[in-house]
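Visitor: Just dropping this structure here.
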Number of protein chains: 6
Amino acid sequence: MARLLIINPNISPSVTDLIEAEARRAASPGTVLTMATARFGVAYIETRFEAMLGAHATAEAAAEQAAGHDAVIVAAFGDPGLQALREVLPMPVTGLTEAALMSACLLGQRFSIIAISTRISAWYRECVDAHGLLGRLASIRSLGSPLRDVASIQQDHRDALVALAERAVAEDGADVIVLAGAPLAGLARQVRDLLPVPVVDGLSSAVRHAETLAALAPAKARAGSFALPPVKPNAGLSMGIQALLARR
Amino acid sequence: MARLLIINPNISPSVTDLIEAEARRAASPGTVLTMATARFGVAYIETRFEAMLGAHATAEAAAEQAAGHDAVIVAAFGDPGLQALREVLPMPVTGLTEAALMSACLLGQRFSIIAISTRISAWYRECVDAHGLLGRLASIRSLGSPLRDVASIQQDHRDALVALAERAVAEDGADVIVLAGAPLAGLARQVRDLLPVPVVDGLSSAVRHAETLAALAPAKARAGSFALPPVKPNAGLSMGIQALLARR
Amino acid sequence: MARLLIINPNISPSVTDLIEAEARRAASPGTVLTMATARFGVAYIETRFEAMLGAHATAEAAAEQAAGHDAVIVAAFGDPGLQALREVLPMPVTGLTEAALMSACLLGQRFSIIAISTRISAWYRECVDAHGLLGRLASIRSLGSPLRDVASIQQDHRDALVALAERAVAEDGADVIVLAGAPLAGLARQVRDLLPVPVVDGLSSAVRHAETLAALAPAKARAGSFALPPVKPNAGLSMGIQALLARR
Amino acid sequence: MARLLIINPNISPSVTDLIEAEARRAASPGTVLTMATARFGVAYIETRFEAMLGAHATAEAAAEQAAGHDAVIVAAFGDPGLQALREVLPMPVTGLTEAALMSACLLGQRFSIIAISTRISAWYRECVDAHGLLGRLASIRSLGSPLRDVASIQQDHRDALVALAERAVAEDGADVIVLAGAPLAGLARQVRDLLPVPVVDGLSSAVRHAETLAALAPAKARAGSFALPPVKPNAGLSMGIQALLARR
Amino acid sequence: MARLLIINPNISPSVTDLIEAEARRAASPGTVLTMATARFGVAYIETRFEAMLGAHATAEAAAEQAAGHDAVIVAAFGDPGLQALREVLPMPVTGLTEAALMSACLLGQRFSIIAISTRISAWYRECVDAHGLLGRLASIRSLGSPLRDVASIQQDHRDALVALAERAVAEDGADVIVLAGAPLAGLARQVRDLLPVPVVDGLSSAVRHAETLAALAPAKARAGSFALPPVKPNAGLSMGIQALLARR
Amino acid sequence: MARLLIINPNISPSVTDLIEAEARRAASPGTVLTMATARFGVAYIETRFEAMLGAHATAEAAAEQAAGHDAVIVAAFGDPGLQALREVLPMPVTGLTEAALMSACLLGQRFSIIAISTRISAWYRECVDAHGLLGRLASIRSLGSPLRDVASIQQDHRDALVALAERAVAEDGADVIVLAGAPLAGLARQVRDLLPVPVVDGLSSAVRHAETLAALAPAKARAGSFALPPVKPNAGLSMGIQALLARR
C-alpha cells in the first residue's frame, strides 16, 4: 500500500483534476494519492524558462507536503525539478517523462513522442537526451496549431494526435508511442486499440512505477551525486526548502 | 492480479528455486507465479554462445507455457531471447537486465553493475549497449575468482560483492548499484543498508515491472519491428514454436 | 588456398544454390567451398525471433561441419549467431553483414543499405548498431511490397532496388551502397555500372574477407570475451554442440 | 564598448567581489560592468538542487537589472538558468562553464576540468554533456577534502589544484585545462606558466565572449526554441519575471 | 591591441579582398590585420583533397608570416590545416568553421549550416564531427546549382540562401544559422533582420575569437598533443616549415 | 592477380625496405608490388602537422605512380591523405590504420592499439574517431620511452610491446590487439603465439584488403563525396596533381 504525492508543476487546477482522475484509475487498489498544485508559475510549461519556474514551485510543494509519503511524482512532462528533488527528498521521486520513457523501453526498442505543441518539442528532445535515450528516440511529432484550451485538448485534437502516431509508426520506425504531457493523461487508454503499436502515457506509467519504487524501498543515497547537498549557509529561502537542506 | 510466467534460461533447478523464493517475496499480493526451467542449455550463462542456446530454450518454454499469463519474465541476466520473444508473444515480456536497468534509471543518473564473473562482463556491457544505455553506465566490476558454486555465491562472496559496490560508488561515480545475475536474487534486499547508494537487483525489479506491464495492458504490436514475423515456410521446429509463428 | 564452410541459416536450398554459384564466382582460384543449409528454421530471416532460430541452426551446422575448414561464413544478412560462433570455433568466422560493412568502410565514409523488405530494416539497423557503425550509416531503404518469391527477387525487383540506391546517394549522402541479403547475391556485380557510387554485396565480400582471415591465420583467443566459454554442466544439447563446449 | 551585467547566482558577496576584480582585469578598455548577487539561495552551488534555486535567483536578478546591458553573464560554474534566460532576455547571455568550454575548444582538442569539490563533479559532467561536449572531455579531477572557506580556496589549495592539472595532462590526455568555479577566478592567469598546456578559467572567458556577442549583435530569436515563450496565464510571479514573460 | 594574420587557403585574391574588407568591419578598434593568400592550391576548397592541398599552402604562409602576430586565422570554411598549425605555431590559431561553431554554441543549442554547394556538405559534416559537435548540428542545407562565380555568390544567391535558412529553422529545429564559407563573409550582417533566429558567419566570429585568444594569452603547449612535434630528420621541406619544426 | 602501389608517407628508405619485405610475405602469389617513398616530409609521422606534410607527399607519389595499379596502399599508420586520395584516384585506396581496424573488427568486438610513442596516441585516437569506431576501441597503450631508432624498434622493444598488449587484454577488455605503425610490420606474425588474443598489424591487413578491393573491382564514384572534385582554376601545383584534378 503506497502513499503517493502527485505535484502538478503548473498552476492549472483543471489539469490537476484531470491528473487526479486518471491517477486513481491507474493506481493499484489501496494506493493513497495526495494532489498538489504549483503555487506559482504558468498555466502550461512548454519552455526551459517555464520549466525553471515550475521546478522551484514543485520543490516548494514537495518541501511542504512530501513528509509521510512513500514516493513523489512530478506531474508535468519534462519533469521540472526531478533530479534536484531526488537529491533532497528521502523517498523516491519520478516524473511523467521519465516514467513514460521507462515504460516505452519495456515495450519496444524505439519510441516516438507525440506532443501537443511544436514549441515544446525542442525541450522534450533535451529531456530525452538528458536521460541518455536519444538513441532510442524514433521521432517527436507535434500538433502545429496553437492550443485553444489545455483542458479540452483531448477532445479537440484526438484524431490529429492519433494520425501523428500512425505516421510515427509508418515513417519513423516507432515501436512504441508516448503520448506526452499531463493534459493527455488517459488518452493512451482510450486510443489503445486504434494504434498499431503499444501506446503509453506518462501519468499511468508514473503512478505504477512510483508504486514499484515504494515497494522496492531503496535506501536514500548517502554518497554519490544524489546524496543530500553539503550543509552550507543559505539565505532568502522558504521554511520548507530550508528544512530540506538542513535534513541529515 | 497478474499471472506471471518466470523462465530460467539456465538448466539449474536450484537457481530456479532461488528465483521463485525471491520472486514470491517481491510480488504484490495476489500475483500468481508460474516457474519454468530451460530444458536444454548450460548451468550458468556467461557468454554469447551460451546465451544463444538459452534464448532458444527460453523460447521453447514460452511457447509451451506462456498461454494464460499476463506477462513473461526471462530470468537470467542478459535476458537471452527477450527481444525475440517480444515479437511473438501476445503479452508483455521483460528480463532481469532490462528490469534492473529501468529501476536503476528511476533511482539515479549513472549506475554500476556488480557481476559474479569477469568473463560475463563483456557480454553485460554489450547488453547495456543494446539498450542504448552505455552513457549511463558508470562501470562494471566483477568477482575475479572462478565460481565454486552458483547456488552458494551469495554466502561465499557477499563481502567481496559489497566491496566492489563501494568502490564503484567511490571511484566510478555510481549513483545506483545493480547486483547482476539470477544467483544474486535477494542480495540487494539484504545489503540495502550496507551500501551508501540505492541498490537494485534484476529479479524484484522484473517482477514489479511485469506487474506494471500487465496493469498497463498495452496492445500487442500489429506494426513496427515487434509485430508478429511475416508468415512463411518453416521446417524442423517444435510444435510450440510452430504455433507461435502461425499465430495471427 | 583456403577451405571455407558457408552456412545458409535459412532452410531454403534454392538460396543455398544461389549463394554457392555466386561464392564460386567471387572466390580466389584454389579456394575450396563447402556448403551447408540450416536443418531447422524459416525460409527467410527478417526478424529477431527468426534470427534466434537461425543462430542455433547455424551453430548446429558449424558444430557438425566446421572441422577441417580455415574459415566459416554465416551466409544470411544479420549474421545470426556470428558472435556466438566466434567464441567456440577454432577458426575465423564472418558473416554477410559484417563483411559487407567492412567492404563499404574500405570504399567510402557513409553507406546506405538497400533491403528487400520493410520489416527487415529495424533488425538491420540494430545489426549496424551492434557493429558500432551507426555513425557511418547514411540510411536503410527497402522494398515496400511483400516479397512474391525470395528466389526470383533479383529479376522481379532489380529496377526498384537500383532506384532505391540512387535515392540513397542523391538524398541521404551515401558514398557506398550495400545490397543486403543473401537473395541479392551477385546483383552488385550486375548493377555495378548503373550506380554512381561503389556497390557491394555481403557474399562476395564475405568470401574474400574469409580468405584474408584464413591467410592472416590469427591465433584463437585464449582470453577476452571470445575465448572458449568456461567448462560447466550442460544438458539437452546435440553431440556437436557438446563437443564444441568441451573443446579446450 | 559593451555594457555587461554579471550575476553571481550564489549569495556570497565576497565571491561577487572576487568576480568583479577579475572581470575588470579581463575586460577590454571601455567595457562597463554591473555586478549583481543572488537575493536567495546558497553560499556555493555544488548540486542540481542548489543550481535549481540559483537559476531562479539569477532570473530574478536578470529581470530587475538586465535592461540597458548588451550581454549578461551567469557567473557560477554550471551556469544555472543560462538556457532559460536565453529564451526571455533580448540580449545575449553566457555563463562561466559555457564560456570556459568554448575557450578550451578554441585552444585544443580535449580538455580536463579541475573542480574544487568531489561532489560538484557529477553535476559538471552533466553540464558538459548538456553542451554535447562529452567527447572532448578528457577528465574531471577534483579536490577531495571538504572546503574550509570558498573565499580563500586559491590560497589554500593552489598547489593541489596545479598538481591535479598536471596529472590530467600526463594521465588523461588533456590538451587544455579548465579551472572551474567562480572562486577560482584569476587562478588561470597566475598559474599560466606553471602548467604545460594552456589553462583557462570561466570568468575571463565569459567576459571576453560576452564582449564578442555584444559586438556581433545577433538578432533575438523570433522562432525556434529560444524565442520568447508563448503568452499564457501565470500566477505568483515577481513583477520582473512577469514583465519578462509579457515582453513581445 | 591584437595583431592578426589572416590566411586565405584558396588562391583567389578576390576572396582575400572580400575577407579583408569584412574582417576590418568586424575587428575591434586597434586590431591590426595582415592578409595572406595561398601560393598554391585551388580557387575554392570543396573536398578533402582540395583541403589537403590548402592545408599545406596555409602552413607555408604561416611559416613565412606568422612571426610578430598574436593570433592566426585560417580563413576558409573547413579550416584546412588548423589542428596541424596549432601544434607548431607559438600563438593561438583558429579557423572560420571552428569560430562559427563556437559562436553558434554561444547563441543557442542546435545550429544549421547553410553551404554554397552540395558537394561541400559531406566535408562540412566531417568537420563538425571532428569538433565533436554532431549532436548540436540540426542540418546542413546547400545551394544545389553549380556556382557561377565565387566572388558574386552573395549577390547571385542571397534570396536562395535566406530561404534555405528559413527552412532549417522551420523544419530542422535550428536555433542558430551558420552561413558557411569565406565567400559569404558579411552576409550574416546583411540578412540579420530577415531571419527569425540569430545568424553568424565564420569570418566575423574568427576575428573576434582571435582577439579574445590574443587577450587571454594562453601559454603554448609544452606537453599533450599540441606540443611541438618531436625533433627528427626531415627532407624536402621549405625553409619556413623547417624553421617551424626546428623551433623549441 | 593484383598490382599494388605501396607508398611510404615517411622519408625513411629503411622503413620502406621493411615494409616491402613484409608486404611480399603477406601478399598472395601473383600479386605485384610497387614501392614508393615520400620525396619530402619527416622520418616518422607522429603528429597532425607531420601527417599533413605526409598527406601531400603521398599524393605527389600517387599522382606520379598510381597509373597501371589496381589498388594503392598508404603505408603509415594514421593513413595520411587516404580520404583525399580516395576522391581523385580511379582505383581503390586503403591505409594501414583503416586496414588494421577492419581486420580487428572481423576478429572480435573491441580492440586495443599498441603504439610506439606516447605522442602518437592522441592522433591515433582521432583516426579511430574519424572511422566512427571509438565505440570499439578498448584502449591505446604506448611505449613511454623516446625512440632510439625507428628501424630497430622491433628488436629494441619487442618484450615491452608484448607486455603492453597483455595488459590491454587483462585490464582494458581488448578482444584483439592492433600493433600500430609501419615500423612494427611483421611483429604481429612473430608474436602471434605469445599473446592470448588475435593480433593484427596494418601492413599485412592492408595488402590483403587491397587485393580484395582489386578483386571486387568497385566502380569509381561519380557522385557523392568521393567523386572527383569539381573542375576549377588552380595554381602552383605539380604536373601530377594537376593531371589528377583534370581527370574526368
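The values are calculated or read from the model by the stated rules, or taken from the named source; none is laboratory data. Just so you know, these numbers come straight off a predicted model, no measurement behind them. As a convention, Cβ positions derive from the backbone with ideal geometry for all residues, glycine included, and neighbour counts pool all protein chains shown. Ligands, DNA and RNA are stripped out before the accessible areas are found, and what is left, the full protein with its side chains, is counted by its heavy atoms. Shrake-Rupley method; radii C 1.70, N 1.55, O 1.52, S 1.80 Å.
Visitor: Given the options A:LEU96, A:LEU137, A:LEU184, which has the most mean-square fluctuation in a GNM of chain A, springs set between C-alpha atoms less than 10 angstrom apart?
Guide: In the Gaussian network model the winner is A:LEU137.
Visitor: Something else: Report, to the nearest whole %, how much of the accessible area of chain F belongs to carbon and sulfur atoms, 1.4 Å probe, protein only.
Guide: Answer for chain F is 54 percent, counting heavy atoms of protein chains only.
Visitor: Please give the FRET efficiency for C:LEU194 paired with A:MET1, using the beta carbon to beta carbon distance and R0 = 60 Å, rounded to the nearest 0.05.
Guide: Result of the calculation: an efficiency of 0.30.
Visitor: Which value, in debye to the nearest 20, describes the size of the charge dipole of the protein assembly as shown about its Cα centre when Lys and Arg Cβ atoms bear +1, Asp and Glu Cβ atoms bear -1, and nothing else is charged?
Guide: 0
Visitor: Shifting gears a bit: Cα gyration tensor of the stretch B:84-207, axes a ≥ b ≥ c as square roots of the eigenvalues: rounded (a/c below 1.5), prolate (a/b > b/c) or oblate?
Guide: Prolate, because a/c is 1.5 or more and a/b exceeds b/c.
Visitor: Which of the trypsin sites (Lys or Arg not before Pro) found in the stretch E:56-160 are loop residues per DSSP with 16 or fewer other Cβ atoms within 10 Å of their Cβ?
Guide: E:ARG148
Visitor: Which distance in nm do the two modelled labels at A:ALA67 and F:VAL231 give, with both placed 7 Å along the Cα-to-Cβ direction?
Guide: Distance between label points: 8.5 nm.
Visitor: In addition: Nearest 500 deg cm²/dmol is fine: what mean residue ellipticity at 222 nm does chain E get from its DSSP H runs of n ≥ 4 alone, each adding -39,500 (n - 2.57), divided by its residue count?
Guide: Estimated from H runs of four or more residues: -14000 deg cm²/dmol.
Visitor: Then there is this: So the label point sits 7 Å from Cα along the Cα-to-Cβ vector; using that for E:ALA219, what distances do you get to the other copies, in nanometres, sorted shortest first?
Guide: Spacings between copies for this position, smallest first, are 4.5, 4.5, 4.6, 5.8, 6.7 nm.
Visitor: Now, a different point. Roughly how crowded by other chains is peptide E:128-134, in terms of the mean Cβ count from those chains within 10 Å of each of its Cβ atoms?
Guide: Whole-number average of other-chain Cβ neighbours for E:128-134 is 5.
Visitor: Given the rotation that superposes chain E on chain D, what residue of E brings its beta carbon nearest the axis, and what is the distance in Å?
Guide: Closest to the rotation axis on chain E: E:MET102, 2.
Visitor: Another question, if that's okay. Comparing A:LEU101, A:LEU194, A:LEU164, which has the greatest mean-square fluctuation in the GNM of chain A with Cα pairs linked when under 10 Å apart?
Guide: A:LEU194
Visitor: Sort shortest first the distances from B:ALA67 to its counterpart in every other copy, using label points 7 Å along the Cα-to-beta-carbon line, and give them in nm.
Guide: 4.2, 5.7, 7.6, 7.6, 9.1
Visitor: Normalise the Debye intensity by I(0) for the stretch D:1-51, one equal point scatterer per Cα, no solvent, then take log10 at q = 0.21, 0.30 Å⁻¹ and round to two decimals.
Guide: -0.74, -1.10
Visitor: Compute the FRET efficiency between A:ASP156 and A:THR34 as 1/(1 + (r/R0)^6), taking r as their Cβ-Cβ distance and R0 = 35 Å, and round to the nearest 0.05.
Guide: About 0.70, to the nearest 0.05.
Visitor: A follow-up question, please. Express in % the proportion of alpha carbon pairs of the protein assembly as shown at distances exceeding 58 Å.
Guide: 16
Visitor: Something else: Taking amide H positions as placed in the peptide plane 1.01 Å from N, state which residues far from E:ALA71 in sequence (5 or more) or on other chains have amide H under 5 Å from it.
Guide: Excluding prolines and chain starts, which carry no amide H, the hits are E:ARG3, E:LEU5.
Visitor: Using only Cα atoms, locate the centre of the stretch E:8-81 and the centre of the stretch D:199-228, then give the distance between them in Å, rounded to an integer.
Guide: 26
Visitor: Right, here's the next one. How large are Rg and Dmax for the stretch B:1-104 when calculated on the C-alpha trace, in angstrom?
Guide: 12.5, 38
Visitor: Then there is this: Kindly provide log₁₀ I(q)/I(0) values, in the same order as q = 0.11, 0.17 Å⁻¹, from the Debye equation applied to equal alpha-carbon scatterers of chain E.
Guide: Evaluating at q = 0.11, 0.17 Å⁻¹ gives log10 I(q)/I(0) of -0.54, -1.28.
Visitor: Using a 1.4 Å probe, what is the accessible area per residue for the stretch B:98-202, in Å²?
Guide: Per-residue accessible area for the stretch B:98-202 comes out at 31 Å².
Visitor: Among D:SER204, D:SER14, D:SER238, determine the one that fluctuates most according to a GNM of chain D built with springs between C-alpha atoms less than 10 Å apart.
Guide: D:SER238
Visitor: Once phi is turned into θ = phi - 60°, what whole-Hz ³J(HN,Hα) does the Karplus curve with 6.51, -1.76 and 1.60 give for every residue of the stretch C:219-229, x standing for Gly and Pro?
Guide: Here the 3J(HN,Hα) series is 5, 5, 4, 10, 9, x, 7, 10, 5, 4, x Hz.
Visitor: Take every Cα pair under 8 Å in chain F that's 6+ residues apart, average their separations, divide by the length, and report that relative contact order as a whole percent.
Guide: This gives 23 percent for chain F.
Visitor: Using amide H atoms built in the peptide plane, which far-off residues or other-chain residues are under 5 Å from F:ASN10 H to H?
Guide: Correct list: F:ALA38.
Visitor: Buried accessible area between F and E (1.4 Å probe, both chains summed, ligands and nucleic acids excluded), in Å² to the nearest 100?
Guide: What F and E bury together is about 3200 Å².
Visitor: Turning to a different aspect of this structure: If a/c stays under 1.5 just call it rounded; otherwise compare a/b with b/c (prolate if a/b is bigger, oblate if not). Do that for the stretch E:107-170, with a ≥ b ≥ c from the square roots of the Cα gyration tensor eigenvalues.
Guide: Verdict is oblate for the stretch E:107-170.
Visitor: Something else about it: Sort shortest first the distances from D:ARG39 to its counterpart in every other copy, using label points 7 Å along the Cα-to-beta-carbon line, and give them in nm.
Guide: In nanometres, ordered from closest: 1.6, 6.5, 7.4, 7.4, 8.1.
Visitor: Looking at the protein assembly as shown, what % of its DSSP beta bridges pair antiparallel, to the nearest 5?
Guide: 5
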